[in-house]
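Enquirer: Got a structure for you, written out below as structure tokens; questions coming shortly.
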């Protein structure tokens, strides 16, 4: 078994698990909202609160998009044709993808982020368009951190 750059079998398995982001990986089956809510289980309230925050603060277009077998189907939110974030449903979980542009990196570094989001930020590779953050939402703090990142990425278009 090729371990590549990982040092143990546990590291290798963790790498494989991290490669598949969402649970709905069949391109030919677009999940329904009910299927998504069942899959995310106990994280449903965090999922719904993030969507409520997005739709309350931003004028967004929402769609369901397939991103390939390693990512699966995601609920994508766009503003003015540009991606705000995507939400990948998982098994009793979900992952948010948000791209932080190079010009926002310094502002993000000054945020009071939780340990799990800070680790994601530190590990994220810098691409020309920015850092692609894949944040598994486990807690209120993760949700708050994502909302802070959104504020840096894009100012709200609606008054709260």
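We did not get these values from a lab; they are worked out from the coordinates using the rules stated. This is a predicted model, so every value here is computed, not measured. Methodologically, a virtual Cβ is constructed for each residue, glycine included, from the backbone with ideal geometry; neighbour enumeration extends over all protein chains shown.
Enquirer: What is the residue count in region 51-84 for residues that are under 17 Å from residue 22 (Cα atoms) and in contact with a helix residue (DSSP H, G or I) (Cβ under 7 Å, 6 or more places away or on another chain)?
Expert: First, pick out the residues of region 51-84 that are under 17 Å from residue 22 (Cα atoms): 63-77.
Those left that are additionally in contact with a helix residue (DSSP H, G or I) (Cβ under 7 Å, 6 or more places away or on another chain): 70, 77.
Final tally of qualifying residues: 2.
Enquirer: I need a count of the residues in region 43-55 that are closer than 17 Å to residue 148 by Cα and buried (at least 18 other Cβ atoms within 10 Å of the Cβ).
Expert: The total comes to 4.
Enquirer: Which of the helices (runs of 4 or more DSSP H) found entirely inside region 56-160 contain at least 2 residues meeting this: crowded, with 18+ Cβ neighbours inside 10 Å and within 16 Å of the chain's Cα centre (by Cα)? Quick ask: steps written out before the conclusion?
Expert: Working: elements: 105-109, 115-123, 140-153.
Correct list: 115-123, 140-153.
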